[in-house]
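My questions all concern the structure below.
Laboratory data are not the source of any read-out in this text; all were calculated from the coordinates shown. All of these numbers come straight from a predicted model, not from anything done at the bench. Note that each Cβ is placed from the backbone with ideal geometry, even for glycine, and that neighbours are counted across all protein chains shown.
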Amino acid sequence: MPNSDDWAPLRIGPEGRGGPEELREVLEDLGPDGLADIFVKEKGLVFRGFDVPADDLDAVLDLVLPRRLAYVHGNSPRTKVGGNVYTSTEYPPEFTISMHNEMSYADAWPARLAFYCQVRPGGGGATPVLDAARWLESLDDEVREAFVGGVRYVQNLHDGFGLGKSWQATFETDRREEVETFLGGTDCTWAWQPDGGIRVESVRPATTRHPVTGAEVWFNQADQWHPAGLGDDTAAALAQILPEDELPQNVTFADGSPIPEAYVAQIRDRGLEHAVDVDWAQGDLLLIDNVLLAHGRRPFTGNRRILVAMSD
C-alpha cells in the first residue's frame, strides 16, 4: 500500500491460524466502543489473512455494521446480493472511479462502509482511499472559496427507459408515495414529469465536520456529477443527446451558476493524487469512516468482485 502522505489504513492480521472464527473473536474482543475508537484514530482498517469466505460475511458484518442500510437514493449502478449488501459500483473495468464519500450529495449518509473482496481482480483494481481533510487542504484557495456557498445537485430519474438509473432502482420501490415520503424528509424539492420520471433538486454544503473529531473535510460529489467529470468524449456525446439541464445528474453552485471545468479537474486530480491504494487479496475486509475517508476505484482486468455494505 504505497503512501505519499504519511498515512495508510491500519492493517490487522491473525495471530493464529486465521479464518473467520478468529476475525470474529478479534471483533468481539474489541467490542463496539473499541472499534469506534479505532475508527476515529485510524480512519480505515484492513483485515487481511483471515480469508473470510462469502458464506461467513454476514456474521462478520453483524459485528462491524450491525445496522446495515439499504442503498436508497444511491446514484451508482449496483446489484443487491444479500441483506443490505451490494456489489461495488458496476462501471466498466477500464474506467477509474474518482474519489468520493458515499452519498455525500444526500441529506443523510452512511457513517461507515465495509468492502469485502469476494473475487480478487486479475490485475489492478485497487480501492484508493483518501484522507478527506487532506483533500480539502490540497485544493487551491480559489476553489475552496468558490464552494463556500455549497452546491446544487439535480437528478432526472426516468421511469424505466432512459439514461442513468430509474427512480424505481434509485429508491428501491415502484410506489410513488414511498418516494414522496422519503424525499419529504430530505430537504429537497421534486416534481414528477409528464413522461413518468421525477426531477429532484437539493442544495448541500461542500464540506462537513466529523461528529467526533471536528475535522473539516471535503464532502461533495461535484466532480462526479459535473459533465466535465465524464471525460471529453462522453460529455460531448451526451451533449448531442440531451441539454445539460436534462442530464441524468448534474451539479452547479448553490445559486445555479456553473462550476468551471478547471475546478472540476482540480478536485478530481488532487483527490486521486493524494489517495492511498488498497490492493486486494481474496477474503480481505476493508472498513472505513465515510466522513474521514473518501474512496474510489482503479481500473482492472479479470473478474473483480467487491461487495459493499453501509451503516449509520
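At a threshold of 8 angstrom on Cα-Cα distance, excluding pairs fewer than six apart, so keeping six or more, what relative contact order does the chain reach in percent?
Details: 604 pairs, mean separation 114.7, N = 312.
Computed over the chain, the figure is 37 percent.
Sorted by average packing, counted as other Cβ atoms within 10 angstrom per residue and highest first, what order do 44-50, 29-35 take? Walk me through the numbers on the way to the answer.
Working: 44-50: 21.6, 29-35: 11.6.
Top of the packing list down: 44-50, 29-35.
Next up: Between Asp29 and Asp255, what FRET efficiency comes out of the Förster formula 1/(1 + (r/R0)^6) with R0 = 51 Å and r the beta carbon distance, rounded to 0.05? Could you put the intermediate results ahead of the total?
Details: r = 52 Å, r/R0 = 1.01.
Step by step, r from the Cβ atoms, then E = 0.50.
Here's something else I'd like to know. What list do you get for Asp289, Asp141, Asp279 if you sort them by fewest beta carbons within 10 Å? Don't skip to the end; give the middle numbers.
Details: Asp289 23, Asp141 7, Asp279 16.
Ranking Asp289, Asp141, Asp279 by Cβ neighbours within 10 Å, fewest first, gives Asp141, Asp279, Asp289.
What are the ³J(HN,Hα) couplings of the stretch 90-107, residue after residue, when phi is run through the Karplus curve with 6.51, -1.76, 1.60 and θ = phi - 60°? Round to Hz, x for glycine and proline.
For the stretch 90-107, the Karplus curve yields 8, 8, x, x, 6, 9, 7, 9, 6, 5, 6, 9, 4, 6, 5, 7, 8, 5 Hz.
Just rank Leu57, Leu10, fewest to most, by other beta-carbon atoms within 10 angstrom.
Values: Leu57 22, Leu10 14.
Going from sparsest to densest Cβ surroundings: Leu10, Leu57.
Let me ask something additional. Using a 10 Å Cβ count of at most 11 others and DSSP loop calls, identify the longest part of the chain lacking such GluC sites (Glu not before Pro).
Values: sites that count: Glu15, Glu90, Glu94.
Free of exposed loop sites, the longest segment is 95-312.
If packing is taken as the average count of other Cβ atoms within 10 Å, what order do 158-167, 217-226 fall into, highest mean first? Kindly include the intermediate steps, with their values, before the conclusion.
Working: 158-167: 16.0, 217-226: 24.5.
Sorting 158-167, 217-226 by mean packing, highest first, produces 217-226, 158-167.
Follow-up. Among the lysines, which fall within straight-line cross-link reach of Lys165, defined as a Cα-Cα distance under 19 Å, with same-chain neighbours fewer than 8 residues apart omitted?
Qualifying lysines at Cα under 19 Å: Lys80.
Grab the beta carbon distance between Leu163 and Val40, set R0 = 35 Å, and tell me the FRET efficiency rounded to 0.05.
According to the calculation, E is roughly 0.30.
Note down the nm distance, to one decimal, between modelled labels 7 Å out along Cα→Cβ at Glu177 and at Arg11.
5.4 nm
Around Arg112, which amide H atoms from residues at least 5 apart in sequence, or from another chain, sit under 5 Å from its own amide H, with H modelled in the peptide plane?
For Arg112, whose amide H was placed from the backbone, the distant partners under 5 Å are Asn290, Ser311.
If you don't mind, there's one more thing I want to ask. Counting only helical runs of four or more DSSP H residues, what would the 222 nm mean residue ellipticity of the chain come to if each run contributes -39,500 (n - 2.57) and the total is spread over all its residues?
Working: 9 runs with 86 residues, N = 312.
That calculation yields -8000 deg cm²/dmol at 222 nm.
Each residue of the stretch 282-288 in turn: what ³J(HN,Hα) in whole Hz from Karplus with 6.51, -1.76, 1.60 and θ = phi - 60°, glycine and Pro shown as x?
4, x, 5, 10, 10, 10, 9
Which of the three applies to the stretch 136-269, rounded, prolate or oblate, going by the alpha-carbon gyration tensor with a ≥ b ≥ c and a/c under 1.5 meaning rounded? If you can, show how the numbers build up before the last one.
On the way: a/c = 2.34, a/b = 1.33, b/c = 1.76.
Oblate, since a/c reaches 1.5 and b/c is not below a/b.
To make sure I understand, if each residue's beta carbon is the centre and we count other beta carbons within 10 Å, what order do Ser257, Ser104 fall in, fewest to most? Kindly include the intermediate steps, with their values, before the conclusion.
Values: Ser257 11, Ser104 25.
So the residues, fewest neighbours to most, are Ser257, Ser104.
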